[in-house]
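**Q** Before we start, here is the structure in question, set down as structure tokens.
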Amino acid sequence: MTEPDAIDRPDNHRLAYHFTAGASPGVVFLGGFLSDMTGTKAMALEDHCRRRGRAYLRFDYLGHGQSSGAFEDGTIGRWADDAIAAIDQLTEGPQVLVGSSMGGWIMLLAALARTNRVAGLVGIAAAPDFTETLIWQGLDADRRGILRDKGVIDMASDDDEAPYPVTLGLIEEARDHLLLGGPIALDCPVRLIQGMADRDVPWQTALTLAERLTGDDVEVTLVKGGDHRLSEPRDLARLGRTLDALIEQMQI
């Protein structure tokens, strides 16, 4: 596997990335919480775009994958800034953002910051506001107290993986970026793919997000039996078809 390139951030951290040159509009993949740019969907999309001669970017946020920094130092705002920096510095022209889980929240924030550059959005189990609605509201009073006192708690994973840290800073900073409480002023076409057997993000989240988006061209695909990852061959094929159809209608 080839080594990634990197861009420098103002605080001397480095963002690792892989870029494939190609036609416009380009595609930018935004990974999830604790995920990285070598995941199944990120790599499958790279192959999909390469076969179509389309520009494609995948990268790692601060504290993820091959980028520098500690995961515990990351926040939603910082990771959104990383995405915006990657779009600004590594891509040209219109872009379609594909966001998985937390990446679905990041893609919305990036699109709001760069409405002139973002031509479309594809969310895969998009999880805007998850720090509040899924983590904070899911903690009992004792766990909230521990988080306030210690500044960090370990959260168990539903996938039998190692526990992961959640910091008080992550929860509190994210409250500056919550989106589902009101209209989301994006008019670009949006496609949301959501598994109905997702144990991490309730499928109703996709419907709420669709309602909050101000644009009319918003479609939700509910996959009965689909899990959170949506990384099986049929899921990847669906993602490719969704992306191709969205780009084809743009006629850019």
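Any read-out appearing in this document is the output of simple, stated calculations on the displayed coordinates, not a laboratory observation. Keep in mind that this is a model prediction, so the values were computed, not measured. Here the Cβ is made from the backbone with ideal geometry for all residues, glycine too, and neighbour counts use every protein chain on show.
**Q** Given charges of +1 on the Cβ of Lys and Arg and -1 on the Cβ of Asp and Glu, with all other atoms neutral, how large is the dipole of the range 1-143 about its Cα centre, in debye to the nearest 20?
**A** 720
**Q** Let me ask something else about it. Among K150, K41, which comes first, then next, by fewest other beta-carbon atoms within 10 Å? Can you show the working numbers first?
**A** Working: K150 10, K41 23.
Going from sparsest to densest Cβ surroundings: K150, K41.
**Q** So if I take the centroid of the Cα atoms in the range 12-31 and the same for the range 142-220, what is the distance between those two points in Å?
**A** Cα centres, the range 12-31 to the range 142-220: 23 Å.
**Q** Could I ask something else about it? How large is the helix-only mean residue ellipticity at 222 nm for the chain, computed as the sum of -39500 (n - 2.57) over DSSP H runs with n ≥ 4, divided by its residue count, in deg cm²/dmol to the nearest 500?
**A** Values: 7 runs with 83 residues, N = 252.
Computed ellipticity for the chain at 222 nm equals -10000 deg cm²/dmol.
**Q** Around T133, with a cut-off of 12 angstrom between Cβ atoms, what is the net charge of the other residues, counting Lys and Arg +1 and Asp and Glu -1?
**A** Values: positive: R175; negative: D129, E132, D200.
It works out to a net charge of -2.
**Q** Could you tell me what percent of the DSSP beta bridges with both partners in the chain are antiparallel, to the nearest 5?
**A** On the way: 12 of 38 bridges.
Of those bridges, close to 30 percent are antiparallel.
**Q** Which residue, H64, A85, P165, has the largest displacement toward the positive end of the dipole of the chain when charges sit on each Cβ (Lys, Arg +1; Asp, Glu -1)?
**A** Farthest towards the positive pole: A85.
**Q** If you average the sequence gap of Cα pairs under 8 Å that are 6 or more apart and divide by the length of the chain, what percent do you get for the contact order?
**A** Values: 477 pairs, mean separation 40.8, N = 252.
Across the chain, relative contact order equals 16 percent.
**Q** From the residues A119, I106, F130, which one has its Cα farthest along the dipole of the range 104-147 in the positive direction, the dipole being from +1 and -1 charges on Cβ of Lys/Arg and Asp/Glu about the Cα centre?
**A** Value: A119.
**Q** Here is a further query. Rounding to the nearest 20 debye, state how big the charge dipole of the chain is about its Cα centre with +1 on each Lys and Arg Cβ and -1 on each Asp and Glu Cβ.
**A** Details: 24 positive and 39 negative charges, 137 e Å.
Rounded to the nearest 20 debye, it is 660 debye.
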